[in-house]
Structure formats: structure tokens, C-alpha cells
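S.K.: Have a look at this one before I ask anything.
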Amino acid sequence: MQNDTHLHPLADSQTAIDQYRVIGNPVAHSKSPWIHARFAQLTGQTLHYDRLLAPLDGFADTMRAFMTSSDGTARGCNVTVPFKFQAFNLARHASARATLAGAANTLWLADDGIHADNTDGAGLVHDIEHNAGIALAGLSILLLGAGGAAAGVLGPLLQARPARITVANRSPAKAHALVQRHADLAQLTTTALQACALTEVSDAYDVVINASSSSLSGGDIPIAASTLKPGALVVDMMYGPAAQGFLHWAQAHGAQPRDGLGMLVEQAAEAFFIWRGVRPPSAQVLQELRDL
């Protein structure tokens with residue numbers, strides 16, 4: 001796989017409608033089709049965006065079948081759980097942030113093959129700092145999980161220059177591997193970066209981000225209330241009913257709860273910009289989505 005600079009490919013002029021998909025399992029709950037349709041409407045772009053369910057053992061075949069569809073209108077796709085590592089490995093070219101994460105959520109087809117990027121972290125940081133109005137510089141952050149979701153956001157979180165980030169995971173080995181991959185960036189941003197098992201989390205934090213699968217699987221709250229500083233921001237990267245248990249717990253313990261809807265819109269806006277070369281009005285679309 002080659003590493004490239006951030007690309008902004010524009011769709012060719014054509015009578016056929018450019019096709020985009022969100023690929024995952026599950027995927028029926030995804031709001032991405034509504035978001036991208038609204039982006040297109042507000043920016044004057046013509047495209048069609050839909051959901052695509054991939055079998056758990058058939059992501060590569062599903063994605064290739066879409067990208068090489070006979071009518072030639074396939075342009076790109078977003079990738080959601082649990083396929084972000086596979087998406088990165090499938091691409092021929094990857095952006096620097098996808099390479100650092102080792103995971104991708106945004107793919108597009110160019111003349112030289114499939115390109116990959118990861119817009120999750122940029123979306124999360126933008127939502128926290130601009131939509132929620134909380135600057136991350138100098139704060140302490142607890143990141144729960146070490147899978148594809150956590151891998152996608154750790155780099156941009158470090159670039160926001162918090163004082164420290166702890167990555168906690170049920171399997172500490174995965175957390176340590178993720179931290180080690182980001183060690184150089186942590187040194188560059190002068191952020192104290194460490195890993196531990198979920199059972200070893202003892203300090204209190206300004207920001208807690210749930211990037212684990214606990215909400216999706218309906219599991220127990222993975223941490224104790226003592227990890228929350230008074231008024232801490234607690235973000236669940238899930239949204240809708242899946243996030244409510246974790247967010248209700250956070251609110252009951254005096255924290256500020258925030259679901260992943262803002263992150264979803266902001267990462268989609270970044271993907272839309274990569275695909276179309278146009279920056280959509282993400283704050284407007286987020287408000288419209290919350291008002292639905």
C-alpha cells in the first residue's frame with residue numbers, strides 16, 4: 001500500500017448519477033444516506049447514497065462488487081463497524097491519518113485504484129471543539145476501546161494537544177499496541193499517552209470517550225463513576241438508542257453527556273469534501289437532524 005497526500009477528487013461530468021454507499025453490519029440504522037442527501041441538496045451536487053449490508057465474512061467481495069459495478073457510476077463508500085481495518089487493508093493508497101490509524105472509514109475509486117482515508121477523528125474533534133464548544137488543549141482524556149473506532153480518533157485527539165490521553169481496553173495488549181503506534185505523535189504534541197486495562201483505570205478525567213463496543217452490544221458500563229471529574233464531558237461514539245444507557249449513566253453522575261450524532265455528521269462532511277471538493281454546512285445539517 002502506498003501513502004499519499006490528502007486528495008480531493010472531483011466527480012466527472014456525466015449523465016449517470018454518481019453512486020455512494022455506507023457499508024457495514026449492521027447498517028440499517030445508519031443516518032448517513034439522509035446526511036449525504038442533504039449535503040448534496042445544500043451544495044448543488046448530484047449523487048445517490050444508500051446503505052449496503054455486507055456479510056461479516058464478505059466485506060471485500062461486497063465492496064469490490066459495488067466499486068466495479070458494470071454501469072461505472074460507483075464513486076466511493078463509507079465504512080462502518082466492523083470493517084474499518086479491512087477497508088484500510090483493501091485500499092491501494094492511503095492518507096497519512098488512515099495509515100496512522102491502520103483503519104479507514106472513507107474509500108473512493110480513482111484511475112490508480114482504491115484510495116482510503118479516515119475522517120472519524122477529524123469529525124469527533126470538530127464536534128467537541130466547535131459544536132460542543134470545549135477546547136481539548138490541556139485537558140485529560142480517557143479513550144475507551146482499542147478497535148477500529150478508537151484507532152481512527154486517537155491521532156486527531158493527540159493533534160488537539162490535550163495534557164494526557166489514557167487508552168483503556170478489555171485487552172490491554174491491544175491498547176498498548178495502539179499507543180505504541182502513536183508514540184511519535186504524542187511526543188510531538190507533548191501529550192502524555194498511556195495504555196491500560198479497563199479494570200486498571202483509576203484517575204479522573206475531563207473527557208471520557210466511549211469508542212468500545214459496549215453500547216452497540218448492550219453491555220455493562222465499562223468504567224466506574226470515579227473516573228469522571230465534576231462536569232466532565234462524556235461522549236459515546238454511538239447515537240440513538242444504543243448510546244442512551246451510557247449517556248444516562250454519565251448524566252446521573254454529574255457529567256455532560258453527548259452522543260455520536262455530531263461526530264457522524266462532521267466525519268460525513270469531511271468525506272463529502274474528499275469526494276466532491278465542496279465543504280457542506282455541517283452545523284446546519286446537524287441541527288436539522290436533531291430536530292427530526
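S.K.: Return yes when Val81 is on the phi < 0 side of the Ramachandran plot and either among the aromatic types (Phe, Trp, Tyr) or outside the structural domain of Ala225 (by TED's automatic domain parsing) (or both) and no when it is not.
M.R.: Yes; evaluated as a whole, the condition is true for this residue.
S.K.: I need the full set of residues from segment 230-272 which are among the small types (Gly, Ala, Ser), in a helix (DSSP H, G or I) and at pLDDT 95 or above, in order please. Explain how you work it out, then say what you get.
M.R.: Residues of segment 230-272 among the small types (Gly, Ala, Ser): 231-232, 240, 242-243, 245, 250, 252, 254-255, 260, 262, 268-269, 271.
Okay, now just the ones that are also in a helix (DSSP H, G or I), so 242-243, 245, 250, 252, 262, 268-269, 271.
Residues satisfying the conditions are Ala250, Ala252, Gly262, Ala268, Ala269, Ala271.
S.K.: Continuing with this model, one more query. Among the residues of segment 56-87, write down those that are in contact (Cβ under 8 Å) with a residue 60 or more places away in the chain and aromatic (Phe, Trp, Tyr).
M.R.: Those that are in contact (Cβ under 8 Å) with a residue 60 or more places away in the chain and aromatic (Phe, Trp, Tyr): Phe83, Phe85.
S.K.: Sticking with this structure for a sec: Name the pairs whose Cβ atoms lie under 6 Å apart, with the first residue in segment 258-287 and farther than 16 Å from Thr80 by Cβ, the second of a type in the set (D, E, K, R) and surrounded by fewer than 24 Cβ atoms within 10 Å (Cβ to Cβ), and 6 or more positions between them or separate chains?
M.R.: Within 6 Å, the pairs are Phe273/Arg279; Val285/Arg38.
S.K.: Next question, about the same structure. Taking only pairs six or more apart or across chains, which ones have beta-carbon atoms under 6 Å, a first residue in segment 91-103 that is free of Cβ contacts under 8 Å to residues at least 24 places away in the same chain and of a type in the set (Phe, Trp, Tyr), and a second residue that is crowded, with 21+ Cβ neighbours inside 10 Å and assigned to a loop (DSSP other than H, G, I, E, B)?
M.R.: Partner pairs satisfying both residue conditions: none exist.
S.K.: Inspect segment 232-244 for any residue being free of Cβ contacts under 8 Å to residues at least 40 places away in the same chain and over 21 Å from the mean Cα position of the chain (by Cα) and give the result as yes or no.
M.R.: Taking every residue of segment 232-244 in turn, at least one turns out to be free of Cβ contacts under 8 Å to residues at least 40 places away in the same chain and over 21 Å from the mean Cα position of the chain (by Cα).
S.K.: Also, quick follow-up: Would you please name the residue that is farthest from Val22 (Cα to Cα), looking only at residues in segment 105-142 that are touching a residue at least 40 places away in the same chain (Cβ under 8 Å) and assigned to a loop (DSSP other than H, G, I, E, B)?
M.R.: Leu139
S.K.: Is segment 38-50 home to any residue that is outside any helix (DSSP H, G or I), surrounded by fewer than 23 Cβ atoms within 10 Å (Cβ to Cβ), in contact with a strand residue (DSSP E or B) (Cβ under 9 Å, 6 or more places away or on another chain) and among the polar types (S, T, N, Q)?
M.R.: Yes - at least one qualifying residue is present in segment 38-50.
S.K.: For segment 148-174, name all the residues that are closer than 23 Å to Thr106 by Cβ and in contact with a Ser or Thr (Cβ under 7 Å, 6 or more places away or on another chain).
M.R.: Passing the criteria: Leu158, Gln159.
S.K.: Quick check on Leu139: is it at pLDDT 95 or above, not β-branched (Val, Ile, Thr) and not assigned by TED's automatic domain parsing to the domain that holds Ala183? Lay out the reasoning, then the answer.
M.R.: Numbers: at pLDDT 95 or above: yes; not β-branched (Val, Ile, Thr): yes; not assigned by TED's automatic domain parsing to the domain that holds Ala183: no.
No; evaluated as a whole, the condition is false for this residue.
S.K.: Taking segment 139-154 as the search range and keeping residues that are more than 11 Å from the chain's Cα centre (by Cα) and crowded, with 24+ Cβ neighbours inside 10 Å, which one is farthest from Tyr205 (Cα to Cα)?
M.R.: Step one: list which residues in segment 139-154 are more than 11 Å from the chain's Cα centre (by Cα), which gives 139-147.
Right, trim to crowded, with 24+ Cβ neighbours inside 10 Å and you get 141-146.
Values: Ile141: 6, Leu142: 6, Leu143: 10, Leu144: 12, Gly145: 16, Ala146: 18 Å.
Across segment 139-154, the extreme among qualifying residues is Ala146.
S.K.: Could you pull out the residue among Gln41, Gln45 that is more than 21 Å from Val27 (Cα to Cα) and either without any contact (Cβ under 8 Å) to a residue 12 or more places away in the chain or of a type in the set (Phe, Trp, Tyr) (or both)?
M.R.: After applying the criteria, what remains is Gln41.
S.K.: Out of Val285, Val265, Val234, I need the residue that is touching a strand residue (DSSP E or B) at 6+ places or on another chain (Cβ under 7 Å) and β-branched (Val, Ile, Thr). Which one?
M.R.: Numbers: Val285 fails: touching a strand residue (DSSP E or B) at 6+ places or on another chain (Cβ under 7 Å); Val265 fails: touching a strand residue (DSSP E or B) at 6+ places or on another chain (Cβ under 7 Å).
Every option except Val234 fails the conditions.
S.K.: Also: If Ala96 meets every condition in (1) farther than 23 Å from Tyr49 by Cβ; (2) surrounded by fewer than 21 Cβ atoms within 10 Å (Cβ to Cβ); (3) out of contact with any strand residue (DSSP E or B) (no Cβ under 8 Å at 6 or more places or on another chain) apart from one, which number is that one?
M.R.: That leaves (3) as the condition not met.
S.K.: Also, I was wondering about something else. Identify, from the list Ser282, Ser226, Ser215, the residue that is among the polar types (S, T, N, Q) and at pLDDT below 95. Spell out how you get there, then give the answer.
M.R.: Working: Ser282 fails: at pLDDT below 95; Ser226 fails: at pLDDT below 95.
From the options Ser282, Ser226, Ser215, the qualifying one is Ser215.
S.K.: Tell me which strands (runs of 3 or more DSSP E) are completely within segment 143-217 and hold 1 or more residues being within 21 Å of Arg258 (Cα to Cα), or say none if there are none. Write out each step before concluding.
M.R.: Numbers: elements: 164-169, 192-197, 205-210.
Where strands (runs of 3 or more DSSP E) fall fully within segment 143-217 and carry at least 1 residues being within 21 Å of Arg258 (Cα to Cα), they are 164-169, 205-210.
S.K.: Against the condition over 22 Å from the mean Cα position of the chain (by Cα), surrounded by 13 or more Cβ atoms within 10 Å (Cβ to Cβ) and among the aromatic types (Phe, Trp, Tyr), how does Trp275 come out, does it pass? Please lay out each step first, then the result.
M.R.: Values: over 22 Å from the mean Cα position of the chain (by Cα): no; surrounded by 13 or more Cβ atoms within 10 Å (Cβ to Cβ): yes; among the aromatic types (Phe, Trp, Tyr): yes.
So Trp275 fails the test.
The values are calculated or read from the model by the stated rules, or taken from the named source; none is laboratory data. A quick note: this is a predicted structure, and the numbers were derived from the prediction, not measured. Neighbour counts are summed over all protein chains in view; Cβ atoms, including those assigned to glycine, are modelled from backbone coordinates with ideal geometry.
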